[in-house]
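Visitor: Below are the structure tokens for one structure; questions will follow.
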Amino acid sequence: MDHFVLDVVILSELHQRPAARSVEDIVVYDYKKAAKTPLKPFMVETLTRIWDEQEETKRTSNQQVVELLERVERLEKGTWDKEGAVEKFGTS
């Protein structure tokens, strides 16, 4: 394994949205040998651990989003989304 691909999303804290996306092909290069070189085992282990942690965080976050959307839907149905409800637009 002498390279890996990073798929990166850069988020804007100010605008609360993605600001840029980058795909990078990282090649491990030994300048003394003037050639590509394989990743060392500790590098592979670290990258694998980080990947696993990111995937677990993604699963957890997705579940939290689903639960939040379900709570919002229950709130809406319990308040203004009732059968026979009529929206009041006020007077003109």
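Visitor: Are any residues in the stretch 1-19 acidic (Asp, Glu) and outside any loop (DSSP other than H, G, I, E, B), and if so, which ones?
Guide: Across the stretch 1-19, the qualifying residue is only Asp7.
Visitor: Moving to a separate point now. Just to be sure I understand, how many residues within the stretch 26-61 are of a type in the set (Asp, Glu) and closer than 13 Å to Met1 by Cβ?
Guide: 1
Visitor: On the given criteria, is Thr57 at pLDDT 95 or above and exposed (fewer than 11 other Cβ atoms within 10 Å of the Cβ)?
Guide: Criteria met by Thr57.
Visitor: Let me ask something else about it. Looking for something touching a residue at least 40 places away in the same chain (Cβ under 8 Å) and surrounded by 10 or more Cβ atoms within 10 Å (Cβ to Cβ) - is there at least one such residue anywhere in the stretch 42-53?
Guide: At the first step, the residues of the stretch 42-53 found to be touching a residue at least 40 places away in the same chain (Cβ under 8 Å) are 44, 47.
Narrowing further to those that are surrounded by 10 or more Cβ atoms within 10 Å (Cβ to Cβ): 44, 47.
The answer is yes; a qualifying residue exists.
The values are calculated or read from the model by the stated rules, or taken from the named source; none is laboratory data. All values derive from a computational prediction rather than experimental measurement. Heads up, the Cβs are rebuilt from the backbone with ideal geometry, glycines too, and the neighbour counts pull from every protein chain shown.
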